[in-house]
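The values are calculated or read from the model by the stated rules, or taken from the named source; none is laboratory data. A quick note: this is a predicted structure, and the numbers were derived from the prediction, not measured. Heavy atoms of the whole protein, side chains included, go into the accessibility calculation; ligands, DNA and RNA do not. Shrake-Rupley method; radii C 1.70, N 1.55, O 1.52, S 1.80 Å.
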Amino acid sequence: MATTPRSGGASGAAQRPNGTSQNKSCQFKLVLLGESAVGKSSLVLRFVKGQFHEYQESTIGAAFLTQTICIEDTVVKFEIWDTAGQERYHSLAPMYYRGAQAAIVVYDIQNQDSFQRAKTWVKELHKQASPNIVIALAGNKADLSNIRVVEFDEAKQYAEENGLLFMETSAKTGMNVNDIFLAIAKKLPKNDGANNQGAGAGRRLNENETNRQTNNCCK
Amino acid sequence: MTAAAHDDEQQHALVKRADDEREDIFKRYELGLDPSNVVDSWENPTFEIYHITDKYGFMHDSRLPSTRDSQEVQRTKIELERDKKWMKMIAHWPPHPEKLHKRVYKGIPDRIRWPAWKRLLHVEESMAQNEGVYSRMLLLAKKYSTETRQIDADVNRQFRDNLAYRERYSVKQCSLFNVLNAYSIFNSELGYCQGMACVAGVLLLYMQEEEAFWALNTLITDKKYGMHGLFIEGFPKLTRFIDHHDRILSKIMRKLHKHFIKHNVDALLYAIKWFFVVFVERVPFSLSLRVWDIFLLDGDRVIVAMAVTILYLHKDELLRLKDMDAIIEYLQVKLHKNFGYNDDDAIQALERVMKKLKDLKLDAPPPAKVNEFPTRTLGHFVEADLEKKIGRRRNDYTDTEKQVITDVISRQEQNAIEVQSTVSYETSECATGDAYSMKTYQSITSLATSPAISSYSLYSNGFVVTNFDINNQTSRSRSQSVHNLNYQQQQSQLSQQSQPPSFAIYNEHSLQNGLMRHSFGGDSDSRNRLDVALEALQSQKLQLQHENNTHIIRIVQNCSSDVTGKQPNNHANNDDDEDALSEENTRL
């Protein structure tokens with residue numbers, strides 16, 4: 001399948017000019033999907049900027065942000081596409097999940113419909129997105145678990161049956177937000193000599209980008 | 001009980017109340033700073049809302065300046081004068097178009113926006129013709145609207161940083177909720193689309209509920225604004241406008257266009273909100289109001305022109321940003337906080353761009369198709385189908401949606417091809433012999449100040465300095481190197497038409513080779529730049545020099561005489577620009 005040059009690419013240990021090897025670095029395209037007002041933008045904001053806005057403005061079209069994390073000896077840069085949740089914008093979604101190596105499908109634990117919609121998104125991803133895509137299911141607004149409607153076990157079972165990562169998250173408290181991205185990063189293939197074209201492997205960053213990225217992670 | 005006894009009792013009660021009140025007040029003072037003495041937050045000068053709220057009701061992260069500088073005082077004076085003129089003009093509506101044009105472009109005074117916007121959007125006529133319709137729609141919405149949940153979610157987060165919308169279920173929040181629900185019934189084909197809450201939200205800052213409903217209807221259904229086509233399923237107008245936007249970029253800002261393509265910055269990503277809500281929350285609010293003024297007067301071509309203006313004014317900074325992340329952040333966040341130009345300068349640039357686009361016959365996108373307008377009768381109630389009622393997601397895409405997906409994906413692929421071309425472009429002479437780049441005159445980041453200050457538009461740096469080389473030698477080498485590029489043949493007809501005859505030969509030649517530049521010949525870019533510059537010259541001082549077949553054109557608004565005395569040449573002019581500008585800066 002055709003990919004844009006940004007997605008996909010070899011990964012491997014970068015060579016410094018003097019020949020010593022440094023941390024591997026990869027770049028992955030990640031898309032957030034889910035019903036309107038379940039907290040997609042808030043999850044991204046928490047993950048990328050460590051902030052939470054009680055009244056996050058509604059996303060028109062899509063937003064784009066990046067964040068870099070380190071796992072073991074690898075620097076992982078996420079290119080995050082945060083999409084609009086309204087049904088009306090559904091037709092633009094393929095533009096964002098196409099070529100994505102990872103997706104977080106978000107629902108609101110207080111809202112049964114949003115869980116059903118999450119399932120539809122998973123189905124669509126399985127059908128339309130890259131076959132190797134890593135999908136995580138996030139039951140957001142976990143700080144409101146006393147008024148939950150979607151049971152943890154129900155979602156967990158669904159996730160297991162469908163090969164998804166699963167966590168309940170709270171963008172408000174920060175609960176499991178970094179963890180879910182970290183879990184995705186761990187599951188993504190970062191092995192050397194990965195397929196250049198496929199969506200399975202992250203794009204290797206060039207030397208400059210790597211150096212810059214290294215500075216703002218592994219604090 | 002006699003009447004006298006009744007009066008007596010009442011009097012007694014009043015005296016008692018006064019006594020209690022006095023006692024209560026005394027008690028408060030006796031308690032003094034004791035923590036049990038409960039004080040409402042607004043009673044102290046530390047009550048932040050007093051200090052952080054601007055004149056539009058928006059609250060900022062930091063305090064606004066407590067005193068007004070001389071510029072601000074001057075502006076207030078001018079606005080008071082304008083108020084009077086506008087009052088007169090509104091009393092004698094419709095005014096002469098030229099007069100109206102001039103005044104709207106200067107900015108409708110904020111106090112006048114209520115009557116002026118209503119006039120421009122024919123609100124009173126609509127209300128007179130549709131008496132009772134709004135309340136009927138509202139009643140139907142209460143019973144049948146299928147969009148209520150989405151509208152509720154969006155009202156809950158629209159302009160929450162504005163005093164009017166700050167409190168949950170405040171008057172304005174309720175009005176916004178009502179207007180959107182009623183409209184979803186009135187125009188059942190459209191229903192509700194995210195983005196509409198923002199548009200209606202702005203209208204409601206200046207209008208009453210029912211007025212805002214009819215104003216919204218004009219924006220959505222009137223051919224002049226045609227927002228129906230933006231918000232309807234499949235977004236037909238969005239794609240039409242984005243294509244047109246790309247066409248303009250490829251013609252008059254080719255370098256930036258390449259830069260965007262190279263870094264995967266698709267116009268669909270940054271322009272969707274620009275178009276859907278007419279720049280609100282993407283440029284400072286005061287500037288978006290100025291754009292709205294003009295949009296309400298001149299219609300949707302203003303949106304096209306403003307998009308170009310933003311990119312044109314920030315071209316140098318954008319070209320310096322080397323990844324998608326930074327470019328998107330710049331367009332979506334930075335410009336909202338600080339536009340870097342004051343509103344008047346930005347609007348002057350917009351006016352110039354509009355004129356320029358008109359000259360190039362690029363001001364209007366291709367005509368709308370029928371699917372951009374309502375086909376159902378407005379206000380005719382149609383009950384929603386079951387799926388819509390229970391809010392279930394359809395299992396499959398509709399044909400319209402499938403078409404959108406196909407378009408979007410082919411667009412992505414096209415861009416991917418162009419990225420590869422861009423890589424070869426960069427290694428070719430085109431990019432390295434860079435006589436085309438505008439001298440960067442001022443970094444926007446150096447202007448970065450608090451959002452509060454930028455929304456007061458304290459800065460005035462609206463000058464343009466351009467130098468370019470239209471030396472024939474260079475143009476030939478440019479054309480040659482274009483042959484290295486593996487561009488797809490696209491818009492060849494258009495480029496044939498709009499290029500000067502000498503370049504038509506080049507096109508023919510390249511066509512024989514099966515190679516064709518993306519859109520326009522190698523020199524159209526510099527030519528158009530020249531046009532833009534020349535156009536600016538009409539209103540600004542300039543100096544024009546001929547030197548070794550090279551034209552160096554320098555435009556400095558309000559240019560001082562010291563600058564005119566200088567003798568720039570092709571290599572040294574960068575320094576000269578800097579000098580001219582620093583002089584300019586000290587004068588501002």
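The lysines whose alpha-carbon is closer than 22 Å to the alpha-carbon of B:Lys27, local same-chain residues fewer than 8 away aside, are B:Lys16. Computed over protein heavy atoms with a 1.4 Å probe, the accessible surface of region A:83-166 works out to 38 Å² per residue.
A loss of 50 Å² or more of accessible area (1.4 Å probe, protein heavy atoms, ligands and nucleic acids excluded) relative to the isolated chain is seen in these residues of region B:194-210: B:Gln194.
Pairs exceeding 18 Å between alpha-carbon atoms, taken from A:Lys127/B:Lys388; B:Lys251/B:Lys358; B:Lys262/B:Lys356: A:Lys127/B:Lys388; B:Lys262/B:Lys356.
If you roll a 1.4 Å probe over region B:236-373 with all protein chains in place, what percent of the accessible area is carbon or sulfur? In region B:236-373, the share of accessible area belonging to carbon and sulfur is 54 percent. Solvent exposure of region B:244-343 amounts to 18 Å² per residue of accessible area, where only protein heavy atoms count and the probe is 1.4 Å. Hey, how many Å between the Cα centroid of region A:130-165 and the Cα centroid of region B:70-107? What the calculation gives is 58 Å, centre to centre. Figure note: B:Arg254, B:Arg247 ranked by solvent-accessible area, largest first, 1.4 Å probe, ligands and nucleic acids not counted: B:Arg247, B:Arg254.
In region B:321-347, comparing the full protein assembly with the chain on its own, the residues that lose 30 Å² or more of accessible surface at a 1.4 Å probe are B:Asp323, B:Met324, B:Asp325. Going from the chain on its own to the full set of protein chains, region A:70-93 has these residues losing 30 Å² or more of accessible surface (heavy atoms, 1.4 Å probe, no ligands, DNA or RNA): A:Trp81, A:Gln86, A:Glu87, A:Arg88, A:Tyr89, A:His90, A:Ser91, A:Leu92.
Stretching the chain fully between B:Ile90 and B:Tyr397 yields a gain of 105.6 nm (0.36 nm per residue, less the alpha carbon separation).
In order along region B:209-215, phi translates into HN-Hα couplings of 3, 5, 4, 5, 4, 6, 5 Hz, rounded to whole numbers, per the Karplus curve 6.51 cos²θ - 1.76 cosθ + 1.60 with θ = phi - 60° and x for Gly and Pro. Residues whose amide H comes within less than 5 Å of that of A:Thr66, counting only those at least five positions distant or on another chain, are A:Ile80 (H built at 1.01 Å from N in the peptide plane). Rolling a 1.4 angstrom probe over the protein heavy atoms with all chains in place gives region B:94-221 an accessible area of 40 Å² per residue. For the chain pair B and A, the interface hides roughly 4100 square angstrom of accessible area in total, found with a 1.4 Å probe. When DSSP beta bridges are limited to those with both residues in region A:24-187, what percentage is antiparallel, rounded to the nearest 5? Given both bridge residues lie in region A:24-187, the antiparallel proportion sits at roughly 30 percent.
Amide H to amide H, with H built 1.01 Å from N, A:Ile104 comes under 5 Å of A:Val31, A:Leu32, A:Leu33, A:Ala136, counting only residues 5 or more places away or on other chains. Solvent-accessible surface of protein heavy atoms, probed at 1.4 angstrom with all chains present, puts B:Asp243, A:Asp82 in the order B:Asp243, A:Asp82, largest first. Remark: region B:94-221 is approximated by an ellipsoid whose semi-axes, taken from the C-alpha gyration tensor as √(5λ), come to 26, 18, 12 Å, largest first. By the rule of a C-alpha distance below 22 Å, with chain neighbours fewer than 8 residues away ignored, the lysines paired with A:Lys172 are A:Lys40, A:Lys49, A:Lys141, A:Lys156.
Our coupling estimate for region B:359-376, obtained by passing each phi through the Karplus curve with A = 6.51, B = -1.76, C = 1.60 and θ = phi - 60°, is 4, 8, 6, 10, 5, 10, x, x, x, 6, 8, 4, 5, 8, 10, x, 9, 7 Hz, Gly and Pro reported as x. Over 31 Å between C-alpha atoms is what I'm after, so list which of B:Lys85/B:Lys315; B:Lys99/B:Lys361; B:Lys88/B:Lys273 land there. Flagged as over cut-off: B:Lys85/B:Lys315; B:Lys88/B:Lys273.
You can think of it this way: the chain between B:Glu351 and B:Val38 has 107.2 nm of extra reach, that is 0.36 nm per residue less the Cα-Cα gap. Here the extension length gained between B:Thr46 and B:Glu21 equals 6.3 nm, from 0.36 nm per residue of separation less the Cα-Cα distance. Under a 5 Å amide H cut-off, with hydrogens placed 1.01 Å from N, A:Phe166 pairs with A:Leu137 among residues at least 5 apart or on other chains.
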